[in-house]
Amino acid sequence: MACLSPSQLQKFQQDGFLVLEGFLSAEECVAMQQRIGEIVAEMDVPLHCRTEFSTQEEEQLRAQGSTDYFLSSGDKIRFFFEKGVFDEKGNFLVPPEKSVNKIGHALHAHDPVFKSITHSPKVQTLARSLGLQMPVVVQSMYIFKQPHFGGEVSPHQDASFLYTEPLGRVLGIWIAVEDATLENGCLWFIPGSHTRTLVLIHGEVVHKSKQNLSDHSRQAYTFHLMEASGTTWSPENWLQPTAELPFPPLYT
């Protein structure tokens, strides 16, 4: 049940990432896709909240840093959009379902499908085999990587945005819901992974993805765990636990 072998543990510690093929069933991936389809179909985003998502630093500061919609999304399910999908009045220029860059950052807490995947026995077993004593879920995202204009993600370390003392207490879990390839913007340290693949990402390993220029989306569900035992979550992080949603324990 997703228990890592000593050689897998050693490889993760050595490389900063580890690919686990076939971690989820095809049925689990379809369930996530179907639920996301429902969430997008029901989406009602106020005009002033139609925020384009970018990882370029200057654009981040302009588009996100000053936007309450982003900064207060840690305990909510909110929508972030690709560049160029709105006109100057905030009206969609493309079909809404093709406009979304990602949905975040509390799917794991508020949606039953994503909550069940996040807290599934195999994820809990995986975390225990990594030696996590008191892991909590700090955020989750569903990433679309839309055909033809799914934007690139610059090289980065997750620990830069989710800073802890000591370092090394944040773990990213990235699940390919659809095939991830060189053509559609896979994670850069993977030459080509496939549907149902799970990737462990050390908080300090540098990773990126390129723009999707293909005809196919590259959907993924990702969430971050933090070892809460003996760890201080930086008060400078944009994402903070709230009274409504303290970081939920992974183990149930």
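The values are calculated or read from the model by the stated rules, or taken from the named source; none is laboratory data. In this text, all values refer to a predicted model and were calculated from it rather than measured experimentally. Note: ideal-geometry Cβ built from the backbone for every residue, glycine included; neighbour counts use all protein chains shown. Surface accessibility is based on the protein's heavy atoms, side chains included, excluding ligands, DNA and RNA. Shrake-Rupley method; radii C 1.70, N 1.55, O 1.52, S 1.80 Å.
At a glance:
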read-out: First in region 19-34 and of a type in the set (A, V, I, L, M), second anywhere and in a loop (DSSP other than H, G, I, E, B) and open to solvent by 50 Å² or more (accessible area, probe 1.4 Å), Cβ under 9 Å, 6 or more apart; value: Leu24/Arg196; Ala26/Arg196
read-out: Subset of region 13-41 that is in a loop (DSSP other than H, G, I, E, B) and under 20 Å from Cys186 (Cβ atoms) - its residue that is most open to solvent (accessible area, probe 1.4 Å); value: Glu21
read-out: Subset of region 80-95 [part of a loop (DSSP other than H, G, I, E, B) and open to solvent by less than 30 Å² (accessible area, probe 1.4 Å)]; value: Glu82, Val85, Gly90
read-out: Wholly within region 198-241, strands (runs of 3 or more DSSP E) carrying at least 2 residues that are charged (D, E, K, R); value: none
read-out: When residues of region 151-184 are limited to those that are small (Gly, Ala, Ser) and over 22 Å from Val100 (Cα atoms), the one surrounded by the most Cβ atoms within 10 Å (Cβ to Cβ); value: Ala159
read-out: Total residues in region 80-102, condition aliphatic (A, V, I, L, M), under 17 Å from Asp44 (Cβ atoms) and over 20 Å from the mean Cα position of the chain (by Cα); value: 1
read-out: Gln157 out of contact with any Lys or Arg (no Cβ under 6 Å at 6 or more places or on another chain) and at pLDDT 95 or above; value: no
read-out: Elements of type strands (runs of 3 or more DSSP E) contained in region 96-180, each with 1 or more residues being of a type in the set (A, V, I, L, M) and either closer than 17 Å to Asp75 by Cα or without any contact (Cβ under 8 Å) to a residue 40 or more places away in the chain (or both); value: 100-105, 135-143
